[in-house]
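For reference, the structure discussed in these notes is given below.
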Amino acid sequence: MSKMTKTIAALSVALAGLTGGTSAQAAVHQVDPFPIGIFWSPGPEETTSAKYQEIKEMNATYVLLSNGVYSYAQNDAALAQCAAQGLRCIVQDDRLGSYKFTVSQTAGNDGKYVSSAYSLGQTFTTPDEPDVAIDTIQLYIDKSQWTAGKTLTLSLYTSPSKDVLIGSDNITGPVADNYPVFKLYKWLEPNTTYYVELTSDSASSIGWVVGQTSDVYAGGTAYQNGTALSNYDFWFKLNYGQKMYSGVAQPSTATVNDIVSHYASNPGLLGYNLMDEPSAAAMTGLHGTMEKFRQADPNHMTYVNLLPTYAANLGFGDRTGEYVTPDRALGQSFKTNAGTTQISTIQLYIDNSQWGSNEPLTLKLWDSPAKTTLLGQSTLSGSATSFPRFEINAVVSPNTEYYWELTHGGGGDNAVGWVIRSTSGTKWEKDGTAYASGTPINGDFWFALNQNLLPFSYEDYVYRWASKKPDVLMFDHYPFSASGGFSGEYYTNLEIVRRQAQMASLDFWTYIQSVGITDGLRSPSENELRYNVYTSLAYGAKGINYFTYETPSGQGESFHDGIILPDGSKGPLYTWAKTINAALLQIGPTLTTLDSQAVYHTGTLPESTTALPSSFFWQPVDLTQPLIVSSFKNASGREYVMVVNRDTANARTVSFVLSTQPASVTEVSQSTGLETATNYNAATGQLSSSFAPGEGRLYVLP
């Protein structure tokens, strides 16, 4: 479920990889002793010592600033409270999602009256920038004749001929000042001339509507009753908003540097929140923004929170295709990420219905579009699917440009296609482009490195962002529905994020559901909250964030029963989360050092999960019990096992048999964080433990 509106940007979470993140990454996103965050923080008026002490006492370790905390002053106040309480803060800035700017003409030495008999107008030209909307238009109108009940309407048209009305807004007098603001909020085309016209419902004159008796605005001219006025422009302020990431637009380097220069030295800073639940098409712009922040501030994180499996639209954008023929090679340049040293396979999307067995296609990997050095190649004659993988097996360098090219060897009808690519305006690769016959195309071919994906699937979506090497891979999935059910895709989501995090050597963090939404989600019980946390940890999560802390209001969805209730008091979830977090603070330092090896289930298997193999050394005596059995290793190769009770209704006592009969089995204490004795019997290899509903335990081998 989407988290609210664009004003709520949520944290992104990363899955634990087999090899884990780099030490540099770990240093950037380390939150001692374990990342436990809250979302929908106290608002600007509630940024007080008492409120942040309350967060600290819930055993949280970081705060994702939200709930109207966006400006420098608001973030600074929250950062001060975080630092005072030993917390860390992730800051938000509206400019990272939408750049606001104004184009104005504010010279005025004259004026005109507007009435039902006299309309006034002005043409203007939009900036030559993509993804721009006109938010509001402000005029200068003497309010002294704008009496009660008189209405002025400002209408936006494509031209003075008024063939197409785009939008309008009206204001009824009296007004507070001489600078009324008309709200339009309409997307406009770049470098295009539009026309706004002011009309009145009254025969009485209202004004002056202030103007200037010279051509001071080069982008347009003034009109009266539809006739252009020579050398005249009205006073106006055009307030624009440019949406980031929907096309090529992204925050400028100057904007990023300004944000970094303000926050980077603050002791309470953990990182910068870029975007919540982006489309796949937005990821190239986010990638560029992430790199700008890393250049300006390598010591703090950037965050992007991914959509869940049940998202209605993953937003890959429109697609088309190209034919590959003996005379028409297709290619794609791209740049490896910081962790890529081997390209084993390159997967493409080729309609196999037109690909005959006598039509060989060869994929070659070159050092660049100049094709100076051939690094590897593979030839296929047909494919059982439309998503063939070409075996390349080439050694490559990180952060380096390469180029693959697909050629047709002749035969059949001498044409195979479509080879799928994005349409103009949609980019899937920040540092690359598609080619046909050696000529660049404004788009990108669909391809995946070292993967076997269903194109445009949820796993493809996660792969797209994981391949950009974020600091952590983050996602949200809220499983407890208002109808009383549990999401059947919960483990599918965990499996995919864990797998892609491992492939990219990333950590993952995840959201924990801690609120209800009328007709959508139920506020979880204590057992369900515990289950949500421990099942995530069993899959290798290296951080969590509660959605939500305070109960949001006025967001378009009806939220209820968050950790902090609407009246500001603590709900039952506060105490439950505090207790769970206290245990997590103890086992967390160990968890952060571990790499997930395998995740198995017993009992009735949830969707997408794997049954515990009979060959695995750690076996419950009763395989019908609903458990997760996960294995981990630390950097020295020492083995750990986490067991989670998947039953949210009943406590269970579970007996285990360890076929390897190790000399000892200890448990990482949830009270002290130290290794403590269990009732393990080395002679028989048997162990038993009691689990609260949804609870997990972390065991240690010698």
**OP:** State all residues of the range 389-404 that are on the phi < 0 side of the Ramachandran plot and either of a type in the set (Phe, Trp, Tyr) or open to solvent by 20 Å² or more (accessible area, probe 1.4 Å) (or both); if no residue qualifies, say none.
**Re:** Arg389, Phe390, Glu391, Val395, Ser397, Pro398, Thr400, Glu401, Tyr402, Tyr403, Trp404
Subject >> Selection from the range 653-679 of residues that are crowded, with 18+ Cβ neighbours inside 10 Å and closer than 17 Å to Phe616 by Cβ >> reply: Val654, Phe656, Leu658, Val665
Original post:
Of all the residues that make up the range 168-196, how many are touching a Pro at 6+ places or on another chain (Cβ under 8 Å) and either closer than 30 Å to Gly247 by Cβ or of a type outside the set (A, V, I, L, M, F, W, C) (or both)?
Top reply: 3
Original post:
Given the conditions (1) farther than 30 Å from Phe445 by Cα; (2) not in a loop (DSSP other than H, G, I, E, B), and given that Ser214 satisfies all but one, which numbered condition is not satisfied?
Top reply: (2)
**OP:** Report the residue count in the range 598-616 for those that are touching a Gly at 6+ places or on another chain (Cβ under 9 Å) and surrounded by fewer than 19 Cβ atoms within 10 Å (Cβ to Cβ).
**Re:** 1
Original post:
Looking only at the range 559-609, which residues are without any contact (Cβ under 8 Å) to a residue 60 or more places away in the chain and within 18 Å of Lys633 (Cβ to Cβ)?
Top reply: Thr593, Ala598, Tyr600
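Condition check ((1) aromatic (Phe, Trp, Tyr); (2) in a strand (DSSP E or B); (3) at pLDDT below 95) across all residues:
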residue: Thr320; (1), (2), (3): no, yes, no
residue: Phe334; (1), (2), (3): yes, yes, no
residue: Lys364; (1), (2), (3): no, yes, no
residue: Ser397; (1), (2), (3): no, no, no
Subject >> Of the criteria (1) open to solvent by 10 Å² or more (accessible area, probe 1.4 Å); (2) touching a helix residue (DSSP H, G or I) at 6+ places or on another chain (Cβ under 7 Å), which one Asn527 fails >> reply: (2)
**OP:** Please determine, by comparing only the residues of the range 558-571 that are over 14 Å from Trp40 (Cβ atoms) and open to solvent by less than 80 Å² (accessible area, probe 1.4 Å), which one is farthest from the chain's Cα centre (by Cα).
**Re:** Ser569
Original post:
In the range 461-477, which residues are touching a Lys or Arg at 6+ places or on another chain (Cβ under 9 Å) and surrounded by fewer than 24 Cβ atoms within 10 Å (Cβ to Cβ)?
Top reply: Lys468
Original post:
Does the range 30-49 include one or more residues that are open to solvent by 40 Å² or more (accessible area, probe 1.4 Å) and more than 28 Å from the chain's Cα centre (by Cα)?
Top reply: yes
**OP:** Hey, could you check the range 339-364 for residues that are open to solvent by less than 20 Å² (accessible area, probe 1.4 Å) and more than 23 Å from Trp465 (Cα to Cα) and say which is nearest to the chain's Cα centre (by Cα)?
**Re:** Leu363
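Per-residue answers, yes or no, for (1) more than 20 Å from Ala228 (Cα to Cα); (2) open to solvent by less than 50 Å² (accessible area, probe 1.4 Å); (3) touching a His at 6+ places or on another chain (Cβ under 7 Å):
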| residue | (1), (2), (3) |
| --- | --- |
| Val103 | yes, yes, no |
| Ser115 | no, yes, no |
| Phe124 | no, yes, no |
| Ala148 | yes, no, no |
| Leu156 | no, yes, no |
| Lys162 | no, no, no |
Original post:
Any residue in the range 242-256 that is part of a strand (DSSP E or B) and either modelled with pLDDT of 95 or more or under 30 Å from Leu473 (Cβ atoms) (or both)?
Top reply: yes
Subject >> Which listed residue is of a type in the set (S, T, N, Q) and open to solvent by less than 20 Å² (accessible area, probe 1.4 Å), from Asn257, Asn273, Asn225 >> reply: Asn273
Original post:
Tell me, which strands (runs of 3 or more DSSP E) lie completely within the range 430-519 with 2 or more residues that are more than 28 Å from Arg389 (Cβ to Cβ) and at pLDDT 95 or above?
Top reply: 508-513
Original post:
Given the structure, is Ser553 of a type in the set (Ser, Thr, Tyr) and either without any contact (Cβ under 8 Å) to a residue 12 or more places away in the chain or open to solvent by 10 Å² or more (accessible area, probe 1.4 Å) (or both)?
Top reply: yes
Subject >> Those residues of the range 196-222 which are surrounded by 21 or more Cβ atoms within 10 Å (Cβ to Cβ) and of a type in the set (Phe, Trp, Tyr), in sequence order >> reply: Tyr217
Subject >> Index of the failed condition, Asp233 passing every other in (1) at pLDDT 95 or above; (2) open to solvent by 20 Å² or more (accessible area, probe 1.4 Å) >> reply: (2)
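The values are calculated or read from the model by the stated rules, or taken from the named source; none is laboratory data. Bear in mind the structure is a predicted one, so any value in this text is a computation, not a measurement. Methodologically, a virtual Cβ is constructed for each residue, glycine included, from the backbone with ideal geometry; neighbour enumeration extends over all protein chains shown. Quick note on the areas: whole protein, heavy atoms, side chains included, nothing else; ligands and nucleic acids left out. Shrake-Rupley method; radii C 1.70, N 1.55, O 1.52, S 1.80 Å.
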